[in-house]
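Visitor: I'd like to ask some things about the structure below.
Derivation of every value follows stated rules applied to the coordinates shown; laboratory data play no part. All values derive from a computational prediction rather than experimental measurement. A quick note on method: Cβ atoms are made from the backbone with ideal geometry, for glycine too, and the neighbour counts reach across all protein chains shown.
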Amino acid sequence: MSFAEQRPILTDEPDIPATPIAADTRLFDNIRHVIFGRISTIVASLAILLLILVALFADFIAPYDPLAQSILNVNKAPSWEHLLGTDGFGRDVLSRIIYGARNSLIFGLISPTLAALIGTTLGVVAGYFGGIVDRVVSRLIDLLLAFPELLLAIIIAAALGGGFWNIIAVLTIAYVPGFARVARAQTLAVKQEPYVEAAVAVGVRVPTIIRRHVVPNISAPIVVLMTLWVASAIRLEASLSFLGIGTQPPAPSWGNIIRDGLNNLFGTPWPIVGAGVAITCVVLAFNIIGDAIRDVLDPETA
Amino acid sequence: MMKGNVLEIRDLHVEFGPKDRAIQVLNGVSFDIPQGGAVGLVGESGSGKSVTSLATMRLIPSPPGRVTKGTITFNGTDLLALPLGKMPDIRGRDIAMIFQEPMSSLNPVMKIGDQIGEAIMLHENIDRRARRAKVIEMLKLVGIPNPEGRLDSYPHQFSGGMRQRVMIAMALLCRPKLLIADEPTTALDVTIQAQVLELMKDIRARLGTAILLISHDLGVVADLCDSVVVMYAGHVVEIGATEEIFDTPRHPYTRGLLASIPRLHGGEERLFQIPGSVPVPGTIKKGCPFYSRCGMRIDRCRTEMPPMFDFDGSQRAACWVTAAEAHAHVKEPAQ
């Protein structure tokens, strides 16, 4: 017996044509509207676009090799040859800032993403299963949250030392607890929803429930947190490099450009001014965009 | 075991809370659902209706809840003896459930089609196209207009009645032998209620699905069910065919329930009301749980819990007074 041959029950209009109802595009419209609706967000997205382009094409844009020293060109003020002057080793400051952008963007994108993956996993597992798992994970999170993130990063960096993957690890660990806590709280709320119970009642097993019913419903605040923490990660990496435990010289990072500049403040202020302005603009831009995305995705907390 | 029962619940005890001061929520619930039959489970809030249905699905949150005694036999298998890991195979395929709140029983970020299809994906091994076709058939069956176009909609684009239909479609997709409907019409307005009830009747007639309808609305039960189980404070106080119970209620609680329904041709006097409210679970240690609210009580009721007396026909009720009046006796339990 096939259902198709049977008369439909209670359908008053049997002849409605089978036209698909338009997919919901409101989310993207909303994001576009919010981003292009205000001058501040337009400027911020342009700044981020510029940062990405600069980071991608650093090899072509940078006028000089960022590591090339020259004893003849030490502490030069800005000129047409060196737009932001040179530092105490005679390196072109503009080129170093351009390569530093690449450095910042890599850390700024990779570590919040990793932290979101790890933190969300921990938080969802803790929130969904509860009991002893929850207690262990929650106490671990509390322990990590007890330290300010910069202090935590300094402690770990001091223990691990510099190096690319170590810095990634440091930044990731610093942000994991935040994601875990948000994910856990959201999971606790979503777990109570009747649709989760309904899914259990049709025989969906736990891993599928988590993947298909819990995670999509907690993703909005996680995404918002991620965008906001891109800025934060860039700032934190700069701070670590400034303190000498992040990116190691001579590799250019905005943090250690400032650090080098500080040692030579009376020679020339331009490295500090240039890198400082770059950090400020980028962090500001990511924050503005993050706020805008939060307004769309997570209006309750905005 | 009697022939032809899809579900037999025997002497089900459920308690909540820590073991040393556990609260009895179900005290020996027993009833049967015949193959293709429709049974109404009625009672006030807190009488244990939903716990009974959750126990059947083994969805009682544990801790704090647990089944301490009794059997739930589904088609010959004792569900309570199955390892919990086997239950997902039974849920949805053999026993399906629809819930009270259609507004929130659908995942807001999943398309309707995917959500309904999830059940088949779990229980049957068929490809995407066949699955889609089956979902469309099912949506047609529950009366969603333009089902092809609706598959890619999200729940917020559906009204409450449509969502309840979607829930029913989801529940029926794998042709379960038993459908547990936990107050399926409570959150819907009256015209939609009538439509959903019609739909459930139709589905029962067409697919032969047995229905356990949980409701505190006696009208809904009378409309859909062949027999009624009346629960009070974790006890079954009366069981019988629907007409018997509505014509000659044997338990004072059932009488009270029936008397408190407004009549179309009734006068303007104040509606009957059972005095007091359902006792807090665990506060009644002995005697009839209805004692404190009963208008017919005798001294014996305070100290001794009445057994289920057999009245005429299939009707059984737990009351000393009415049993004495009707000369009803306790029959040996049918085995």
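Visitor: Please give the charge dipole size of segment B:207-267, origin at the Cα centre, charges +1 on K and R Cβ atoms and -1 on D and E Cβ atoms. Round to the nearest 20 debye.
Guide: With only Lys, Arg, Asp and Glu charged at Cβ, the dipole is about 220 debye.
Visitor: Between B:187, B:203, B:215, whose Cα lies farthest towards the positive end of the dipole of segment B:177-245 when Lys and Arg beta carbons carry +1 and Asp and Glu beta carbons carry -1, centred on the Cα centre?
Guide: Ranked along the dipole, the leading option is B:203.
Visitor: Let me ask something additional. Based on DSSP H runs of at least 4 residues, each adding -39500 (n - 2.57), what is the mean residue ellipticity at 222 nm of the protein assembly as shown after dividing by all its residues, to the nearest 500 deg cm²/dmol?
Guide: -15500 deg cm²/dmol
Visitor: Find which of A:283, A:270, A:229 sits farthest along the positive direction of the dipole of segment A:186-302, computed with +1 on the beta-carbon of Lys and Arg, -1 on that of Asp and Glu, about the Cα centre.
Guide: Highest projection toward the positive end goes to A:229.
Visitor: Can you tell me the length gained on complete extension of the stretch residue B:206 to residue B:280, counting 0.36 nm per residue apart and subtracting the Cα distance?
Guide: Length difference between fully extended and current span is 22.5 nm.
Visitor: Next question, about the same structure. Taking the Cα atoms only, what angle lies between the long axis of helix B:190-207 and the longest principal axis of chain B, rounded to 10 degrees?
Guide: With both axes taken from Cα atoms, the answer is about 80 degrees.
Visitor: Have a look at the DSSP beta bridges in the protein assembly as shown and tell me what percent are antiparallel, nearest 5. Intermediate values should be presented prior to the final figure.
Guide: Details: 31 of 50 bridges.
Close to 60 percent.
Visitor: Ok, one more. In terms of the Cα gyration tensor, with a ≥ b ≥ c the square roots of its eigenvalues, is the protein assembly as shown rounded because a/c is under 1.5, prolate because a/b exceeds b/c, or oblate? Numbers along the way, then the final one.
Guide: On the way: a/c = 3.39, a/b = 2.42, b/c = 1.40.
Prolate, because a/c is 1.5 or more and a/b exceeds b/c.
Visitor: Based only on other Cβ atoms within 10 Å, what is the fewest-to-most ordering of A:254, A:165, A:80?
Guide: Details: A:254 30, A:165 9, A:80 5.
Neighbour counts put them in this order, fewest first: A:80, A:165, A:254.
Visitor: Dividing the alpha-carbon Rg of segment B:117-253 by 2.2 N^0.38 Å yields what?
Guide: 1.21
Visitor: Does anything in segment A:217-238 have its amide N under 16 Å from the 7 Å Cα→Cβ label point of residue A:280, and if so which residues?
Guide: Flagged as within label range: A:235.
Visitor: Rounded, prolate or oblate for segment B:96-187? Axes are the square roots of the Cα gyration tensor eigenvalues, ordered a ≥ b ≥ c, and the cut-off for rounded is a/c under 1.5.
Guide: oblate
Visitor: Any chance you could give the angle, 0 to 90 degrees and rounded to 10, that helix A:26-37 forms with the longest Cα principal axis of chain A?
Guide: 30 degrees
Visitor: How crowded by other chains is B:138-148, given as the mean number of beta carbons from other chains within 10 Å of each beta carbon?
Guide: That average works out to 5.
Visitor: Provide the packing ranking of B:19-32, B:106-119, i.e. peptides ordered by the mean count of other C-beta atoms within 10 Å per residue, highest first.
Guide: By packing density, highest mean first, the sequence is B:106-119, B:19-32.
Visitor: Set Lys and Arg Cβ to +1 and Asp and Glu Cβ to -1, take the dipole of segment B:1-155 about its Cα centre, and tell me which of B:53, B:110, B:145 lies farthest positive.
Guide: Of the options given, the answer is B:110.
Visitor: Taking the Cα centre of chain A as the origin, how large is its charge dipole in debye, to the nearest 20, when only Lys and Arg (+1) and Asp and Glu (-1) carry charge on their Cβ atoms?
Guide: 700 debye
Visitor: If you look at just the Cα atoms of segment B:201-286, how large are its Rg and its Dmax in Å?
Guide: 15.2, 46
Visitor: Still on this structure, please answer the following. Take every residue in peptide B:149-155, count the Cβ atoms of other chains within 10 Å of its Cβ, and give the average of those counts.
Guide: 4
Visitor: Pull out a ≥ b ≥ c, the square roots of the eigenvalues of the alpha-carbon gyration tensor of segment B:30-108, then state rounded if a/c is under 1.5, prolate if not and a/b is larger than b/c, and oblate in the remaining case.
Guide: rounded
Visitor: Further, regarding this structure: Would you mind putting A:90-97, B:75-82 in packing order, based on average other-beta-carbon counts within 10 Å, highest first?
Guide: Ranked from most to least packed, the peptides come out as A:90-97, B:75-82.
Visitor: Within chain B, which cysteines find no other Cys whose Cβ is under 4.7 angstrom from their own?
Guide: B:174, B:225, B:294, B:319
Visitor: Which whole-number percentage describes the relative contact order of chain A, with Cα contacts under 8 Å and a sequence gap of 6 or more?
Guide: 24 percent
Visitor: Follow-up. What number results when the radius of gyration of segment B:1-157, computed over Cα atoms, is divided by 2.2 N^0.38 Å?
Guide: Ratio of Cα Rg to 2.2 N^0.38 Å: 1.23.
Visitor: Given B:134/B:201; B:177/B:286; B:69/B:111; B:86/B:286; A:191/B:177; B:201/B:286, which pairs have Cα atoms separated by over 31 Å?
Guide: Beyond 31 Å between Cα atoms: B:177/B:286; B:69/B:111; B:86/B:286; B:201/B:286.
Visitor: Within 10 Å, count the other beta carbons around each residue, average over each peptide in A:194-206, B:50-62, B:197-209, A:132-144, and list them highest first.
Guide: On the way: A:194-206: 21.7, B:50-62: 20.0, B:197-209: 17.1, A:132-144: 14.4.
In descending order of packing, they fall as A:194-206, B:50-62, B:197-209, A:132-144.
Visitor: Under a Cβ-only charge scheme (Lys and Arg +1, Asp and Glu -1), can you give me the dipole magnitude of the protein assembly as shown about the Cα centre, in debye to the nearest 20?
Guide: Values: 57 positive and 59 negative charges, 241 e Å.
Around 1160 debye, computed over the protein assembly as shown.
Visitor: With angles folded into 0 to 90 degrees, how steeply does helix A:254-263 sit against the dominant principal axis of chain A? Use alpha carbons for both and round to 10.
Guide: 30 degrees
Visitor: Ignore the peptide's own chain and count Cβ atoms of other chains within 10 Å of each Cβ in A:190-197; give me the average, rounded.
Guide: 5
Visitor: Can you work out the FRET efficiency for the pair residue B:129 and residue B:152, with r the C-beta to C-beta distance and R0 = 22 Å, to the nearest 0.05?
Guide: The calculated FRET efficiency here is 0.90.
Visitor: How large is log10 of I(q)/I(0) for chain A at q = 0.13, 0.16 Å⁻¹ when the intensity is taken from the Debye formula with one equal scatterer per alpha-carbon?
Guide: For chain A at q = 0.13, 0.16 Å⁻¹, log10 I(q)/I(0) is -0.98, -1.25.
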